[in-house]
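To start, the structure itself, in structure tokens.
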Amino acid sequence: MRDCTATLLRNDDNSAQLVLTGDWVMGNTLPTFDTLKSSLQTAENTQLNLQTELLVNWDSRFVLYIYQLQNHCQQNNIALDLSHLPIAAQGLLKQVSAFPVRESGNKQPVVKGVVAGVGLKSQQLMQQSQAVFNFVGEVCLSLSRLMRGKASFRRQDLWLMMQDCGPNALGIVTLISVLVGLILAFVGAMQLKIFGAQIYVANLVGLGMAREMGAMMTAIIMAGRTGAAYASQLGSMQVNEEIDALKTLGISPIDFLVLPRLIALVIMLPLLCLYADLLGIIGGLLVSVSLLDVSLMEYVTQTQSALQLGDFATGLIKSSVFGVLVAISGCMSGMHSGRSSSSVGDAATSAVVAGIVSIVIADASLTVIYQIIGL
């Protein structure tokens with residue numbers, strides 16, 4: 001194994017030659033780049049030519065040495081001639097240059113102080129708000145293209161999404177809705193039984209499920225189930241560069257991926273809400289008949305007298321709004337996910353949190369609006 005050397009030869013015309021010799025392989029002592037760097041800094045050279053006629057063998061450490069030399073020459077305005085490098089080494093050098101390595105000195109400094117921390121959080125909040133508005137705007141444009149018949153997505157995808165967020169969710173919706181109806185009936189019975197007004201448990205359960213709990217509990221279930229699934233699916237596609245492939249093919253990811261999921265949730269969530277209302281009323285019926293000495297016909301008659309179509313309409317309107325919020329939260333978290341497995345998990349968590357928070361805020365806002373307009 002021949003010793004490897006890197007000899008710098010200066011010319012009279014502000015140029016220099018770097019003669020590389022020997023075996024630049026593992027097991028051999030390689031010259032350090034710091035030595036060459038100090039030699040280049042002492043001389044005012046504008047041109048550096050590589051001579052590799054005496055280079056025998058080399059490996060990736062040789063390419064790293066040349067990469068460091070290339071970066072140094074770029075920073076100091078030195079023209080570097082790499083034409084005499086082996087062709088394989090030139091190819092590896094291009095691949096390394098395509099992905100620049102971040103230096104440890106470029107790390108973002110840690111912000112200290114309360115004022116600086118508040119400013120940084122405010123800046124992040126503004127950026128997140130801008131991202132939300134941009135995404136909602138893109139969804140609105142996609143819906144306008146759908147109205148004109150120009151949205152590009154597969155119709156079978158829409159049916160699959162409706163199957164996933166509709167019939168496939170009946171099990172968990174059934175369980176939660178019945179339990180919510182039981183809880184409302186128990187809570188009401190504890191107080192109404194004191195006054196001998198057990199029959200009004202039917203009013204409490206019916207109105208509570210139709211106006212509030214049916215829509216909200218169904219939406220929260222879908223946020224934890226379907227919203228997280230949307231974020232994971234789109235996040236995985238982001239990791240696998242499938243979304244980039246759609247953009248390369250000229251297909252809008254919003255039209256192809258987000259739109260069918262949004263339509264499916266907006267269609268299926270009101271239907272699930274009606275289903276949850278019915279099961280919640282049945283849950284209250286079980287408590288009333290078994291514990292409160294209320295007959296089946298009395299409970300049904302009292303429920304019919306307490307409920308009107310407007311009560312169900314308020315819940316359906318809420319469920320439609322909740323469907324939009326859950327779909328946007330899940331799809332946005334997935335589309336903005338990073339390109340690692342941990343980022344996909346973070347996107348799913350963010351989708352659930354954002355979905356539930358937006359549901360609660362929207363429910364409170366709609367309840368106030370209903371009170372103002374008299375619904």
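Laboratory data are not the source of any read-out in this text; all were calculated from the coordinates shown. Bear in mind that the values here come from a model prediction, so they are computed numbers and not experimental data. Glycine also receives a Cβ, built like all others from the backbone with ideal geometry; neighbour counts cover every protein chain displayed.
Observations on the model:
- Between Arg148 and Gln74, the simple spin-label model (points 7 angstrom out along Cα→Cβ) gives 4.2 nm.
- Computed label-point distance, nm, for sites Val56 and Leu9 using a 7 Å Cα→Cβ extension: 2.0
- Short-range pairs are left out: with C-alpha atoms under 8 Å and at least six residues apart, the relative contact order of the range 5-102 is 28 percent.
- In straight-distance terms, cross-link reach from Lys94 covers every one of the aspartates and glutamates whose alpha-carbon lies under 17 Å from its own, apart from those fewer than eight places away in the same chain; here that gives Asp59, Asp81.
- Each Lys or Arg adds one and each Asp or Glu takes one away; over the other residues whose Cβ falls under 13 Å from the Cβ of Leu92, this sums to +1.
- Whole-number Å³ per residue for the convex hull built on Cα positions in the chain: 251
- Note on Lys150: aspartates and glutamates with a C-alpha under 18 Å away, same-chain residues under 8 apart excluded, are Glu138, Asp255.
- Cα gyration tensor category, rounded, prolate or oblate, for the range 192-236 with a/c compared to 1.5: prolate
- Approximate shape of the range 5-102 as ellipsoid semi-axes (Cα gyration tensor, √5λ), whole Å, largest first: 20, 16, 13
- When every Cα-Cα distance of the range 152-373 is counted in 10 angstrom steps from zero, the calculated P(r) takes the values 9, 30, 29, 18, 10, 4, 1 percent.
- Additional length obtainable on full extension of the chain from Ala364 to Leu291, 0.36 nm per residue less Cα span: 23.0 nm
- Ordered by the count of other Cβ atoms within 10 Å of each Cβ, fewest first, Ile282, Ile221, Ile66, Ile373 give Ile373, Ile282, Ile221, Ile66.
- Burial ordering of Leu179, Leu92, fewest other beta-carbon atoms within 10 Å first: Leu179, Leu92
- Longest exposed-site-free window of the chain, the sites being trypsin sites (Lys or Arg not before Pro) in a DSSP loop that have at most 16 other C-beta atoms within 10 Å: 155-338
- Relative contact order for the chain: 17 percent, from Cα pairs under 8 Å spaced at least 6 residues apart, divided by residue count.
- By the beta-carbon count within 10 Å of each Cβ, the least crowded to most crowded order of Phe153, Phe135, fewest first, is Phe135, Phe153.
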